[in-house]
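The values are calculated or read from the model by the stated rules, or taken from the named source; none is laboratory data. Small disclaimer: the values here were computed from a predicted structure and weren't measured. Note that each Cβ is placed from the backbone with ideal geometry, even for glycine, and that neighbours are counted across all protein chains shown. Protein only, heavy atoms only, side chains kept; ligands, DNA and RNA dropped before computing areas. Shrake-Rupley method; radii C 1.70, N 1.55, O 1.52, S 1.80 Å.
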Amino acid sequence: MKYQNDGYHDASGVSAFKKLAWVLGGLLAIAFFVAVHYGVKSKKLEQERSTMTMSMEELDAQKVSLEGELINLDSSYQLQISENQELTVTLEERVKEVEDLKARVWTAKQKLAKSEEANAAINEKLAQLEELKTGLEGDIVALKETNLELIDANTQMAADLQVSKAEAVALNEKLAEVSERNDKLVQRLYTVAPAGFVAKNFAVTAQRRNNKLTAKAKQAEMINVSFDVNDVPKEFQKDEEIYLVLTTFDGNPVDVVQGKEVQVKSNEPIAIKAVDVEQTTLSDRQNIAMSFDAARDLESGMYNLLVYADHGFLGATTFQLQ
């Protein structure tokens with residue numbers, strides 16, 4: 001029994017040893033595999049770490065490179081912006097220049113169109129002038145002939161002018177003589193028939209039918225005269241008839257104008273033919289207007305207008321009709 005127990009114990013010990021050996025072998029195997037696994041993994045990690053270290057260095061290098069490129073790009077960008085601004089200003093200037101050129105071209109076209117119109121008008125005018133030239137050349141020939149006739153007429157006129165000058169001298173002498181006689185007549189009237197006051201500041205006008213003034217005898221319808229009578233003495237400041245008398249320059253009556261025969265009651269009574277009579281009340285000072293119908297029968301020449309009151313001569317003036 002003991003032998004069997006010892007054998008049993010020996011068999012059990014061998015079996016336990018084998019189990020332990022297997023366990024230790026398994027553990028060793030496991031440890032080996034774990035060591036191998038972790039060694040491989042550690043090596044891999046080391047490689048990855050090395051790779052990552054290299055990647056980080058490369059990334060840093062790339063970062064520095066990129067930062068340098070960024071700085072360069074920023075400088076280029078700022079430069080480009082500056083150039084773009086300058087180009088914008090330049091383009092605006094060019095646009096303005098183009099607009100100015102457009103305006104100048106349009107103006108030039110307008111001027112050209114006007115110039116073409118002007119050229120057409122000038123050509124038309126030149127054609128007219130050419131016709132006029134032809135006509136003028138014919139007129140020149142005719143004028144030369146007329147000039148010869150005028151020379152002959154001028155010679156005759158020169159001869160006639162000498163005669164006219166002689167006649168003018170004679171007429172002036174006669175006019176001077178008549179004027180002297182007229183002045184003597186007026187002075188004599190002041191002497192022989194003084195009214196005690198005088199008429200002054202005479203104004204004479206000839207009037208046409210339409211009330212417009214004229215100097216032509218054949219157009220005159222009415223002769224108007226006005227004058228001042230001032231400083232009238234007290235004894236004559238009363239109702240008075242004023243008479244207007246028309247004569248030729250040499251003192252003769254004018255038969256073509258109707259008048260009223262009147263006797264002036266002066267120191268030496270004077271018979272006159274009054275072409276107008278004005279009833280007035282005299283005061284110290286007054287302006288009197290009178291007129292008569294010329295009836296276009298008066299001839300051109302010099303005329304006298306004499307003014308009388310009931311009791312004497314007041315004054316006279318002279319006027320001319322052409």
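With all protein chains kept in place, the per residue accessible area of the stretch 257-322 amounts to 50 square angstrom at a probe of 1.4 angstrom. FRET efficiency for Met222 and Leu143, Cβ-Cβ distance as r, R0 = 30 Å, nearest 0.05? About 0.05, to the nearest 0.05. Projected label points at Val105 and Arg49, each 7 Å from Cα along the beta carbon direction, are separated by 7.9 nanometres.
Taking a ≥ b ≥ c as the square roots of the Cα gyration tensor eigenvalues, the stretch 38-140 comes out prolate, since a/c reaches at least 1.5 and a/b is larger than b/c. Would you mind counting up the charge near Ser291? Only other residues with Cβ under 11 Å from its Cβ, with Lys and Arg at +1 and Asp and Glu at -1. Combined, the nearby Lys, Arg, Asp and Glu give -4. Just the number, please: Stokes-Einstein D of the stretch 212-264 in µm²/s, Kirkwood Rh from C-alpha pairs, 20 °C, 1.002 mPa s. Translational D for this selection: 146 µm²/s.
Electrostatic tally near Glu278: other residues with Cβ closer than 10 Å to its Cβ, Lys and Arg +1, Asp and Glu -1, net -3. A simple spin-label model places the labels of Glu278 and Ala16 19.0 nm from each other, with each point 7 Å out along Cα-to-Cβ.
Here each label is just a point 7 Å from Cα along the line to Cβ, and for Asn267 and Glu92 those points are 10.9 nm apart.
Other residues with beta-carbon under 12 Å from the beta-carbon of Thr90 carry, at +1 per Lys or Arg and -1 per Asp or Glu, a net charge of -3.
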